[in-house]
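All remarks here apply to the structure that follows.
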Amino acid sequence: QAAAFARQGEPAAVPGHADVGRLREELLAGAQRCCLGLVHGEPAGAGSALDAGEVCEIAGIGTLPRWRGRGVAGAVTSALAGEHFRGGGSLAWLSAADERAGRVYARV
């Protein structure tokens, strides 16, 4: 996700030990789920779902620059939302950063 959101020409932020520890705790507690999108076995995008019972926020959907425009964000969003609803969830929501992202999410 950090690499997907890095500004062009700048290095991606590297998560610190505290960030990794917090993520590990949230994953183990079931408060967050993550999805890594692969294309031919290569990381292409990622996203998260922050769960609160029947409701979840899908967040941080990012695609690496070389894979943009190929359906990665839609596939990651669909996987996260689908897992939520299959598990008994009733509502999933997200906020799009711009109109283009909003169109992707609306299709999902």
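The values are calculated or read from the model by the stated rules, or taken from the named source; none is laboratory data. Every value quoted in this text rests on a predicted model; they were computed, and no experiment measured them. FYI the Cβ positions are ideal-geometry reconstructions off the backbone, even for glycines, and counts take in every protein chain you see. In case anyone asks, the SASA skips ligands and DNA or RNA and just uses the protein heavy atoms, side chains included. Shrake-Rupley method; radii C 1.70, N 1.55, O 1.52, S 1.80 Å.
Just to verify a result, which residue in the stretch 62-100, among those that are surrounded by fewer than 17 Cβ atoms within 10 Å (Cβ to Cβ) and in contact (Cβ under 8 Å) with a residue 40 or more places away in the chain, is nearest to Arg33 (Cα to Cα)?
Here the residue is Glu83.
In the stretch 68-108, what count of residues is obtained for those that are in contact with a Gly (Cβ under 6 Å, 6 or more places away or on another chain) and part of a loop (DSSP other than H, G, I, E, B)?
2
Anything in the stretch 1-30 that is at pLDDT 90 or above, surrounded by fewer than 14 Cβ atoms within 10 Å (Cβ to Cβ) and either among the aliphatic types (A, V, I, L, M) or part of a strand (DSSP E or B) (or both)? List them, or say none.
Within the stretch 1-30, Ala18, Val20, Leu27, Leu28, Ala29 qualify.
Are any residues in the stretch 51-61 open to solvent by 50 Å² or more (accessible area, probe 1.4 Å) and in contact with a strand residue (DSSP E or B) (Cβ under 7 Å, 6 or more places away or on another chain), and if so, which ones?
In the first step, residues of the stretch 51-61 are kept if they are open to solvent by 50 Å² or more (accessible area, probe 1.4 Å); the result is 52-55, 57.
Glu54, Val55, Glu57 - these are the residues of the stretch 51-61 that are open to solvent by 50 Å² or more (accessible area, probe 1.4 Å) and in contact with a strand residue (DSSP E or B) (Cβ under 7 Å, 6 or more places away or on another chain).
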